[in-house]
1. Quick one: is Asp21 more than 23 Å from Ser119 (Cβ to Cβ) and without any contact (Cβ under 8 Å) to a residue 60 or more places away in the chain?
2. Out of the stretch 10-50, which residues are farther than 28 Å from Ala97 by Cα, open to solvent by 70 Å² or more (accessible area, probe 1.4 Å) and in a helix (DSSP H, G or I)?
3. Tell me, yes or no, whether the stretch 102-113 has at least one residue that is in a loop (DSSP other than H, G, I, E, B) and either in contact (Cβ under 8 Å) with a residue 12 or more places away in the chain or open to solvent by less than 90 Å² (accessible area, probe 1.4 Å) (or both).
4. Return the residues of the stretch 1-43 that are in contact with a helix residue (DSSP H, G or I) (Cβ under 7 Å, 6 or more places away or on another chain) and β-branched (Val, Ile, Thr); say none if nothing qualifies.
5. Can you name every residue in the stretch 51-78 that is charged (D, E, K, R) and in a helix (DSSP H, G or I)?
6. Return yes when Ala90 is of a type in the set (Gly, Ala, Ser), out of contact with any Phe, Trp or Tyr (no Cβ under 9 Å at 6 or more places or on another chain) and assigned to a strand (DSSP E or B) and no when it is not.
7. Restricting to the stretch 90-101, name every residue that is open to solvent by 40 Å² or more (accessible area, probe 1.4 Å) and among the hydrophobic types (A, V, I, L, M, F, W, C).
8. Quick one: which of Ala29, Ala82, Ala53 is hydrophobic (A, V, I, L, M, F, W, C), at pLDDT below 95 and in contact with an Asp or Glu (Cβ under 8 Å, 6 or more places away or on another chain)?
Amino acid sequence: LDLLPDKLEQILKPLSGEQYDSCLLINNAGSLGQLGLASSISGESSMKEMRKAIDFNVTSSMWVSSQFTRTFLPSAAEASTAKTPLVRIANMSSLCAVEPFPTMSIYCAGKSGRDMLHSALAK
């Protein structure tokens, strides 16, 4: 994840929305992370694993989606003059976003957070 900002910039920097009629991001990355009952999660190593799972499942998705929209949608100042492509983000979700599973609490939290992020982004 530490390399994500630089690698994504290398991919997106040469692109602009004016080059395309439509742009699609399929956001499908995810990891189950630590499995087990929420009450069994304890200790410093578990905290690190929890952060790692949330960073991968939520933070990276947020970063990729925000940079994608920033690249392909014009800024407010450019909106009236720039060609605007149809921009779509397909967020691959999971039943875990809306249905709690006792042994998958971290994954469920990440998936529901990701769903809300993309719902807000769509507004």
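The values are calculated or read from the model by the stated rules, or taken from the named source; none is laboratory data. What you are looking at is a predicted structure, and each value in this text was computed from that prediction instead of being measured. Glycine also receives a Cβ, built like all others from the backbone with ideal geometry; neighbour counts cover every protein chain displayed. Note: areas computed on protein heavy atoms with side chains; ligands, DNA, RNA excluded. Shrake-Rupley method; radii C 1.70, N 1.55, O 1.52, S 1.80 Å.
1. It is false that Asp21 is more than 23 Å from Ser119 (Cβ to Cβ) and without any contact (Cβ under 8 Å) to a residue 60 or more places away in the chain.
2. Passing the criteria: Gln10, Ile11, Glu18, Gln19.
3. Yes; the residues of the stretch 102-113 include at least one that is in a loop (DSSP other than H, G, I, E, B) and either in contact (Cβ under 8 Å) with a residue 12 or more places away in the chain or open to solvent by less than 90 Å² (accessible area, probe 1.4 Å) (or both).
4. Matches in the stretch 1-43: Ile41 only.
5. Of everything in the stretch 51-78, those that are charged (D, E, K, R) and in a helix (DSSP H, G or I) turn out to be Arg51, Lys52, Asp55, Arg70.
6. Yes, satisfied.
7. Within the stretch 90-101, Met92, Leu95, Val98, Phe101 qualify.
8. Just a single option satisfies the conditions, and that option is Ala82.
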